[in-house]
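Engineer: Sharing a structure below in structure tokens format, with a few things to ask.
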Amino acid sequence: MEEFLHTFFDLDSIVAILPVLLTEGLANTLIISVSAVLAGLLLGLVLAMMLMSKLWIVKVPARIYVDVFRGLPAILTISLVGLGFPAAGIRPFGTSPFGYAILAVGLISAAYTAEILRSGIQSIDKGQLQAARSLGMTQFQAMRKIVIPQGIRNVLPALTNRFIIDIKESSLVYLLGLSVGQRELYFIAYQQQAVTYNSSALVAAGICYLLMTIPLTYVVNAWDRRLRTGRSRPKAVPVPSQSTMEVVS
Amino acid sequence: MSMMAQDAKIDASEHSKGIQIRDVRKSFGDTEVLKGVSLDVSLREVVCIIGPSGSGKSTLLKCINLLEQPTSGEIWVDGIELTAKSADINAARARVGMVFQHFNLFPHLSILENVTMALRVVKRLPAKKAEEIAVRQLTRLGVDTLSHLRPADCSGGQQQRVAITRALAMEPQVMLFDEATSALDPELVKGVLDEMRALALDGMTMVVVTHEMAFAREVADRVVFMDNGQIVETGPAEEVLTNPQTDRLQNFLSQVL
Ligand SMILES: Nc1ncnc2c1ncn2[C@@H]1O[C@H](COP(=O)(O)OP(=O)(O)O)[C@@H](O)[C@H]1O
Ligand SMILES: [Mg+2]
């Protein structure tokens, strides 16, 4: 029992690693996952629009992209992008692995996000687009102002889920060999474990992940409920027919 | 009482006002839903379209502002051929207001924003000006007190008034109503019909798809009976409704009256 406690919950080890976990690890995990989510949302939105196109020449490339990136193990994609691109002379981020890490997680995220956004946008009644267009809005304006905002709201829980997965998958970029200053939570803890044969640093990193992922779930669920029930009124109003899917992490 | 004639193409001078529909056909896949519809609506005229469900009434209305692209035929609104390749469809569409059976308000926006959205995005008015217009129109329809609510917090009748307001705020030349009262609770129907009647008295050019025969009889200058993708009878309301010439219209009237 004592050995168990010492291995996983050694207070001295945790206190020793905590500063670097927070200042370097947590910061980089957040930078990688937030950038990846934003990249994923942007590319995912473009892909979602392409997936809904009637033109096969637009639709098929998006379909292939989504199928490929959803079908590969994340660790393989991260290796292909992070190790393969620079080796092949594709070096938009120079030789530092950090940019490739963001790109890789973003590319994976985009594939899932595209499908989430597509289902959200397609769940919006056709009458919304028709009403917007009947007022003289262009297709683009109607999508941007009317259809897409509603579509995104309908899939907020699913998007949060994806965000949580991105936070967790950002740990896989450790294999790109990040240098000191670029390391994210997991890599720091992993190195510490290798040096000390003590897992307390991993536990500390785990707690850091949970501190991000669990509140995110609850905050977005609360936000989602508020959007569904109207802005200012606590009183119950008819909930739209789309099912309220709760986030699971 | 006249059966619909297949007019020859009309020359441009006739296109100055109102709506001209010339031999419009519309197919979805292999099924032809509009089978050569021609209809003129002159300025300030109110035309009611009646007919059984599935006869193509909604499709015809949607063709008038090109929410559906006709497979063939010509549509002119206010002197502009919408079906021409060169037509600025968005500009033309802003001149045709449409009110839908299920209101189709934007649920993520407040009532006020529902009305200001197109003023800002399409007419590019500054926020303040757009709000002024919206409040004026909302007041006219008696729903200004709802400005800051969401559509879901309003009754069906209120929502439909807001939808009418939203269309009117764009200052359309023509208003299209697609069964605007069919989704309303019975006690709310009259209020919305009253607004439509007021609009007609104001001189708005209107095409109204409706099952409200009393409204058609009272307000319509002309009634058009559609069945199976064609105009079967057309004429003054009183005549068409009391003295149907075809079995199909007799049948239909015996079912709805
Ligand atoms: N987008 C569409 N795709 C395929 N069929 C359609 C579409 N819209 C309407 N239809 C068909 O066209 C016919 C006429 O529909 P509609 O114009 O809505 O009739 P109405 O308004 O008179 O009830 C119906 O048979 C309907 O199923
Ligand atoms: Mg209809």
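The values are calculated or read from the model by the stated rules, or taken from the named source; none is laboratory data. Here the structure is a predicted model, which is why all the values come from computation and not from measurement. All Cβ positions, glycine included, derive from the backbone under ideal geometry; neighbour counts span all protein chains shown. Quick note on the areas: whole protein, heavy atoms, side chains included, nothing else; ligands and nucleic acids left out. Shrake-Rupley method; radii C 1.70, N 1.55, O 1.52, S 1.80 Å.
Engineer: Pairs, please: C-beta under 9 Å, at least 6 apart or cross-chain, first residue open to solvent by 100 Å² or more (accessible area, probe 1.4 Å) and in region A:213-235, second modelled with pLDDT under 85?
Structural biologist: These pairs meet every condition: A:TYR218/A:VAL247; A:ARG225/A:THR244; A:LYS235/A:THR229.
Engineer: Return the only residue of B:THR181, B:THR246 being open to solvent by less than 80 Å² (accessible area, probe 1.4 Å), among the hydroxyl-bearing types (Ser, Thr, Tyr) and farther than 15 Å from B:CYS48 by Cα. Let's see the steps before the verdict.
Structural biologist: Details: B:THR181 fails: farther than 15 Å from B:CYS48 by Cα.
The unique qualifying residue is B:THR246.
Engineer: Which ranges mark the helices (runs of 4 or more DSSP H) fully within region A:64-149 that have 1 or more residues being over 17 Å from B:ALA118 (Cβ atoms) and among the β-branched types (Val, Ile, Thr)?
Structural biologist: Of the helices (runs of 4 or more DSSP H) lying wholly inside region A:64-149, those with at least 1 residues that are over 17 Å from B:ALA118 (Cβ atoms) and among the β-branched types (Val, Ile, Thr) span A:74-79, A:97-122.
Engineer: So which of A:ALA142, A:ALA111 is more than 16 Å from the chain's Cα centre (by Cα) and buried (at least 22 other Cβ atoms within 10 Å of the Cβ)?
Structural biologist: Of A:ALA142, A:ALA111, the one residue that is more than 16 Å from the chain's Cα centre (by Cα) and buried (at least 22 other Cβ atoms within 10 Å of the Cβ) is A:ALA142.
Engineer: Oh, and also: Given the structure, is B:LEU34 more than 14 Å from every other protein chain (Cβ to nearest Cβ), within 16 Å of ligand 2 (Cβ to nearest atom), touching a helix residue (DSSP H, G or I) at 6+ places or on another chain (Cβ under 8 Å) and at pLDDT 95 or above?
Structural biologist: The answer is yes for B:LEU34.
Engineer: On the basis of being open to solvent by 20 Å² or more (accessible area, probe 1.4 Å), hydrophobic (A, V, I, L, M, F, W, C) and not in a helix (DSSP H, G or I), does A:VAL195 make the cut?
Structural biologist: No; evaluated as a whole, the condition is false for this residue.
Engineer: Across region B:54-102, what is the number of residues that are polar (S, T, N, Q), within 12 Å of the chain's Cα centre (by Cα) and away from chain A (no Cβ under 14 Å)?
Structural biologist: Final tally of qualifying residues: 0.
Engineer: Of the residues that sit in region B:92-109 and are under 23 Å from B:MET204 (Cβ atoms) and assigned to a loop (DSSP other than H, G, I, E, B), which one is most open to solvent (accessible area, probe 1.4 Å)?
Structural biologist: Only one residue fits best here, namely B:HIS102.
Engineer: So, in region A:160-185, exactly how many residues are crowded, with 22+ Cβ neighbours inside 10 Å and over 15 Å from the mean Cα position of the chain (by Cα)?
Structural biologist: 3
Engineer: Filter region B:143-158 down to residues that are closer than 11 Å to B:VAL192 by Cα and more than 12 Å from every other protein chain (Cβ to nearest Cβ) and give me whichever is most open to solvent (accessible area, probe 1.4 Å).
Structural biologist: By that ranking, first place goes to B:GLN158.
Engineer: Keeping to region B:128-142, report how many residues are buried (at least 17 other Cβ atoms within 10 Å of the Cβ) and either within 11 Å of chain A (Cβ to nearest Cβ) or of a type in the set (Asp, Glu) (or both).
Structural biologist: Count: 1.
Engineer: Looking at region B:110-127, can you tell me whether even one residue there is farther than 20 Å from B:LEU176 by Cβ, more than 16 Å from ligand 1 (Cβ to nearest atom), at the interface with chain A (Cβ under 10 Å from one of its Cβ atoms) and open to solvent by less than 40 Å² (accessible area, probe 1.4 Å)?
Structural biologist: Taking every residue of region B:110-127 in turn, at least one turns out to be farther than 20 Å from B:LEU176 by Cβ, more than 16 Å from ligand 1 (Cβ to nearest atom), at the interface with chain A (Cβ under 10 Å from one of its Cβ atoms) and open to solvent by less than 40 Å² (accessible area, probe 1.4 Å).
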